[in-house]
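Below you'll find the structure, written out as structure tokens, and then a few comments.
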Amino acid sequence: MDEDDEYYTPKSTLPTLRDQSSDWTWQMEAACDGHTELNWFDSQGKDRSRCKSICHTCVVRVQCLDFAIRNDAAAGIWGGLELQERRRLTKAV
């Protein structure tokens with residue numbers, strides 16, 4: 001495919017995880033592991049405060065937040081913060 005193709009999408013617009021080689025073992029210790037009854041990716045949902053309260057007890061909260069920031073996670077609660085909160089945090093730094 002090239003730029004003249006009607007289905008062409010520049011690589012820079014495709015969602016990517018820049019840190020694909022990352023060590024994901026920290027997720028096995030995450031407090032959210034097993035909480036499949038909660039919707040971690042609906043920022044307007046009813047589970048938002050419960051998700052955040054679970055994050056605040058998590059031993060890998062820093063690794064989770066770091067992962068979300070480094071990989072531009074566009075949705076969800078990561079490390080106890082929603083997208084807007086992560087954006088404010090990265091602007092402040």
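Here are the numbers for the structure shown:
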item	result
Per-region count, the stretch 36-54, residues more than 16 Å from Glu82 (Cα to Cα) and surrounded by 14 or more Cβ atoms within 10 Å (Cβ to Cβ)	0
Residues located in the stretch 55-81, provided they are surrounded by fewer than 17 Cβ atoms within 10 Å (Cβ to Cβ) and not in a helix (DSSP H, G or I)	His56, Thr57, Val59, Asn71, Asp72, Ala74, Ala75, Gly76
Residue in the stretch 2-25 that is modelled with pLDDT under 90 and at positive phi present	no
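The values are calculated or read from the model by the stated rules, or taken from the named source; none is laboratory data. Because the structure is a prediction, the values reported are computed rather than measured. For neighbour counting, all protein chains shown are included, and Cβ atoms are generated from backbone atoms with ideal geometry for every residue, glycine included.
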